[in-house]
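K.L.:
Take a look at the following structure, please.
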Amino acid sequence: MDTEDERRAVEGVVERLATRFPEQPFDRISAVVEQELRGLDGTPIRDFVPILVERQARERLGHLVHR
């Protein structure tokens, strides 16, 4: 996966999470996704990065909802 494909996939993650967590501000969702993405910087195999980012961000956002 090249950088542009990864960026588009991550944008899709933000959109899906915004639909799943409509009570969360879009900016917060975007920030959580970006934090998770930065946490995977340096990962040599990038093909699964969007999937991992979505899973981790969904978990964090779910915890915010259930506070």
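K.L.:
Computed from these coordinates, which is Kirkwood radius over Cα pairs in Å: (1) 12.7; (2) 13.5; (3) 11.9?
P.N.:
So the calculated entry is the one marked (3).
K.L.:
Once neighbouring chains are kept in place and the probe is 1.4 Å, which whole percent of the accessible area of the chain is contributed by carbon and sulfur?
P.N.:
Working: 2320 of 4560 Å².
Whole-percent figure for carbon plus sulfur exposure: 51.
K.L.:
How much area per residue is accessible in the chain when the probe is 1.4 Å and only protein heavy atoms are counted (Å²)? Provide the component values of the computation, followed by the final result.
P.N.:
Values: 4560 Å² over 67 residues.
In whole numbers, the chain has 68 Å² accessible per residue.
K.L.:
First select every other residue whose beta carbon is under 15 angstrom from the beta carbon of residue 4; then total the charges, Lys and Arg +1, Asp and Glu -1. Write down the numbers at each step before the final one.
P.N.:
Working: positive: 7, 8, 46; negative: 2, 5, 6, 11, 47.
Around residue 4, the charge tally is -2.
K.L.:
Please give the charge dipole size of the chain, origin at the Cα centre, charges +1 on K and R Cβ atoms and -1 on D and E Cβ atoms. Round to the nearest 20 debye. Before the final figure, lay out the partial values.
P.N.:
On the way: 11 positive and 14 negative charges, 77 e Å.
So the magnitude is around 360 debye.
K.L.:
Right, here's the next one. Residues in the range 1-35, backbone N under 12 Å from the label point at residue 47 (7 Å along the Cα-to-beta-carbon vector): list them, ranges by number please.
P.N.:
Hits in the range 1-35 for residue 47 at 12 Å: 1-2.
The values are calculated or read from the model by the stated rules, or taken from the named source; none is laboratory data. All of these numbers come straight from a predicted model, not from anything done at the bench. Because the Cβ atoms are built from the backbone with ideal geometry, glycine has one as well, and the counts that use them run over all protein chains shown. Calculation scope for accessible area: heavy atoms of the full protein, side chains included, ligands and nucleic acids excluded. Shrake-Rupley method; radii C 1.70, N 1.55, O 1.52, S 1.80 Å.
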